[in-house]
Every structure is written in structure tokens, then in C-alpha cells.
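Everything on this sheet refers to the single structure shown next.
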Amino acid sequence: PRCFTLTENETASVLTAGAPDTTAPTLSSFTPLTAATAVPVNSSLTFTFSEAMDPTSINEEHFLLATAAGVYVPLASVTLNAAGTIATVTPASNLSAATQYRWTVTRGVRDRAGNRLAANQTNTFTTA
């Protein structure tokens, strides 16, 4: 160990670094719920993550919405709340009635430390 002597007008600072964050974020909840039915056609989708996410990764490239037949739905916006934990996906127009949809959140979303989802997350719901 080294020993330093400080003069009267000097100060010392010690910086310590914690272990780096290497834990992948998880999708802890979402709406509409798994296999939900009678979802209003004017609904937005919400996704809650286990930790704050990198806002640059929360975009239309990583949040996908399509019909069961594979027709992708244009999105008006994908936004992240101030805490960085809730993403809201808003379709560009009302969804079709009585139609099954599949959403996907891709591994492209990252937390603020740069960790990606472990795998794509996918689920379905049906509109009213």
C-alpha cells in the first residue's frame, strides 16, 4: 500500500467502482394481457421492464405489431416514460375488429448499461 501525506489545503478523493451491470433486463408485465380478448380497437400497448431502458433502443424497429396472418401494423409512436421502465406503443390507426394480433419486443432493446433482452418476447391478443 502507498501512503500519501496531504498538506493543509489539499484534499483526497477515493473513487470506487461497483461491479458492472451484466444482467439482462426482463419484460415484467404488459397490456393487453396474454391471449386477451375483446381488446378495444383503439388500444395502445404498454410494456413494463425490470429496469430503466436505453431510450435510443425504444423505437419502431424493436417493437413490432402484426396480425396473425403476418401483416405488420404501422405504429404512430413508441415512447418511454421518464423513469425509463414503461414503453407505450401506439398504432397509427385503430386496429381491425375481431382480429388476432401478435406483438414482439426484440432483443434489440437494451437497458442503460447496454444489456439486451435475453430473447425476443412475443404474445397475442384479439380485438373486440
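The values are calculated or read from the model by the stated rules, or taken from the named source; none is laboratory data. No experiment lies behind these values; they were computed from the predicted model shown. Cβ placement follows ideal geometry from the backbone for every residue including glycine, while neighbour counts extend to all protein chains displayed. Just so you know, the surface numbers come from the protein's heavy atoms only, side chains and all, with ligands and any DNA or RNA stripped out. Shrake-Rupley method; radii C 1.70, N 1.55, O 1.52, S 1.80 Å.
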Inset, instruction - Name the residues whose placed amide hydrogens come within less than 5 Å of the amide hydrogen of residue 39, ignoring near sequence neighbours (fewer than 5 apart) on the same chain. - result: 126, 127, 128
Inset, instruction - Might you work out the accessible area of residue 43 for me, using a 1.4 Å probe with all protein chains in place, and round it to the nearest 10 Å²? - result: 20
Inset, instruction - Rank-order 78-85, 104-111 by packing density, defined as the average count of other C-beta atoms within 10 Å over each peptide's residues, highest first. - result: 104-111, 78-85
Legend entry - Of (i) 18.6; (ii) 17.2; (iii) 16.7, the label for Kirkwood radius over Cα pairs in Å derived from the coordinates: (iii)
Inset, instruction - Run the dipole for the chain about the Cα centre, Lys and Arg Cβ at +1, Asp and Glu Cβ at -1, nothing else charged, and hand back the magnitude in debye, nearest 20. - result: 420
Legend entry - Simple spin-label estimate for residue 28 and residue 66 in nanometres, 7 Å along Cα-Cβ: 3.0
Inset, instruction - Return the single residue from 19, 52, 66 with maximal mean-square fluctuation; model: Gaussian network over the chain, springs between Cα atoms under 10 Å. - result: 19
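Taking a ≥ b ≥ c as the square roots of the eigenvalues of the Cα gyration tensor of the stretch 13-76, is the shape rounded (a/c under 1.5), prolate (a/b larger than b/c) or oblate? Could you put the intermediate results ahead of the total?
Details: a/c = 3.32, a/b = 2.45, b/c = 1.35.
Prolate shape, in that a/c is at least 1.5 and a/b is the bigger ratio.
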Inset, instruction - Would you mind telling me the share, in percent, of accessible area of the stretch 28-128 contributed by carbon and sulfur at probe 1.4 angstrom? - result: 54
Legend entry - Top positive-direction residue, dipole computed over the chain with Cβ charges, set 76, 99, 49: 99
